[in-house]
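Trainee: Below is the structure I would like to discuss, written out as structure tokens.
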Amino acid sequence: MTTTETLTAPDELEPLGSEGPVAVKQSWEQVALALFIVVPFLAVLAAVPVLWGWGLGWHDVVIAIAMYWFTGHGVTIGFHRAFTHRSFRAKRWLKVLLAIAGSMSIEGPVIQWVADHRKHHRFTDRDGDPHSPWRYGSNLRALTKGFFHAHMGWLFDLEQTSHQKYAPDMLKDQDIVKVNASFKWLVVASMLIPPVIGGLWAWSWAGALTAFFWGSLVRVSLLHHVTFSINSVCHVTGRKPFKTKDKSGNVWWLALPSMGESWHNLHHAEPSAARHGVLRGQIDTSARLIWLFEKLKWVSHVRWPDRRALAARAREAVQPPAPAPSAA
């Protein structure tokens with residue numbers, strides 16, 4: 001079902017004028033950020049010899065996949081489509097659950113995530129974009145440097161995006177403010193839940209240890225780098241079936257692990273759409289879940305892509321742009 005009621009777009013929420021008070025990352029935040037990026041990545045590198053030897057059982061696989069699915073969709077459905085672009089309205093309990101799940105991805109507090117992403121859309125691939133891979137130029141050396149910056153280097157910038165300018169609606173939502181303030185505890189929970197479940201399931205310390213490795217470290221690292229790849233890979237390469245003013249592209253091999261986010265070209269053509277994979281065969285599990293939530297009446301006012309708008313933005317005839325996820 002497509003609604004015609006108008007929701008306030010994020011761009012309409014941004015007051016004109018100064019950026020407001022500029023927040024700066026503290027030293028401990030920089031160190032913590034480095035640890036949560038580097039340590040899980042090293043865990044992934046160690047995964048191959050671990051897999052060949054010992055330490056991986058089906059308990060670990062189930063826990064890791066479940067945590068990846070839960071926290072990943074918290075980012076794609078909650079942080080991105082619901083909070084940043086207001087693609088739908090969720091019931092209060094679901095809104096809070098999505099904010100908690102997204103926070104447990106350890107990609108930063110919800111309000112900061114929203115502010116950064118809205119600023120990205122305001123200045124995509126231009127001066128002011130927090131993570132454009134094209135910021136240093138287009139030759140090989142400049143693009144290599146820009147790619148690293150877009151992938152993860154930008155996270156270490158001391159100056160943070162203004163919440164007052166880019167996320168004033170989030171600051172007015174007391175539920176979101178409370179989840180945002182609880183970020184540290186949600187990080188702890190995200191890292192401890194897998195070993196607790198794994199230890200109880202196997203009834204052993206070994207079960208807890210392997211679950212921590214796969215369900216905490218490897219899961220966090222994989223989700224981080226898949227998310228980072230949307231900023232880097234999807235703005236350097238990929239097909240561009242729809243007209244945009246930036247360099248966003250579709251990268252098919254990231255579609256499943258990114259839960260539909262790598263159909264990035266359509267997203268930049270129609271940012272508020274609840275579905276990104278609109279062409280035949282484009283898997284978008286985030287849109288599928290939003291569709292299910294709508295059927296269960298847990299969400300409303302869903303902004304499904306409009307067939308005529310898609311046709312107008314298409315660079316060439318496409319067969320056919322689908323307005324809702326039921327055709328995926």
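The values are calculated or read from the model by the stated rules, or taken from the named source; none is laboratory data. It should be emphasised that the depicted structure is a prediction, and the values quoted were computed from it without experimental measurement. Cβ placement follows ideal geometry from the backbone for every residue including glycine, while neighbour counts extend to all protein chains displayed.
This table checks each residue for (1) free of Cβ contacts under 8 Å to residues at least 24 places away in the same chain; (2) farther than 26 Å from residue 233 by Cα.
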| site | (1), (2) |
| --- | --- |
| 136 | yes, no |
| 142 | yes, no |
| 145 | yes, no |
| 150 | no, no |
| 157 | no, no |
| 176 | no, yes |
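Trainee: Which helices (runs of 4 or more DSSP H) does segment 137-215 wholly contain that include 2 or more residues that are surrounded by 20 or more Cβ atoms within 10 Å (Cβ to Cβ), more than 20 Å from the chain's Cα centre (by Cα) and at negative phi?
Mentor: 183-202, 205-211
Trainee: Being over 21 Å from residue 113 (Cβ atoms) and touching a strand residue (DSSP E or B) at 6+ places or on another chain (Cβ under 7 Å) narrows it down to one of 195, 241, so name that one.
Mentor: 241
Trainee: Same structure again: Could you list, in sequence order, the residues of segment 103-124 that are in a loop (DSSP other than H, G, I, E, B), crowded, with 22+ Cβ neighbours inside 10 Å and among the hydroxyl-bearing types (Ser, Thr, Tyr)?
Mentor: 105
Trainee: Take segment 30-61 and flag every residue that is under 25 Å from residue 200 (Cα atoms) and either touching a Cys at 6+ places or on another chain (Cβ under 9 Å) or modelled with pLDDT under 60 (or both).
Mentor: Within segment 30-61, 52, 53 meet the criteria.
A quick yes/no check of all residues on (1) in a helix (DSSP H, G or I); (2) closer than 30 Å to residue 164 by Cβ; (3) under 12 Å from the mean Cα position of the chain (by Cα):
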{"position": "49", "(1), (2), (3)": "yes, no, no"}
{"position": "59", "(1), (2), (3)": "yes, no, no"}
{"position": "87", "(1), (2), (3)": "no, yes, no"}
{"position": "95", "(1), (2), (3)": "yes, yes, no"}
{"position": "101", "(1), (2), (3)": "yes, yes, yes"}
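Trainee: How do the pairs read when you match residues in segment 247-272 that are closer than 17 Å to residue 122 by Cβ with residues anywhere that are surrounded by 22 or more Cβ atoms within 10 Å (Cβ to Cβ) and of a type in the set (Lys, Arg), using Cβ under 8 Å and keeping only pairs 6 or more apart or on different chains?
Mentor: 272/303
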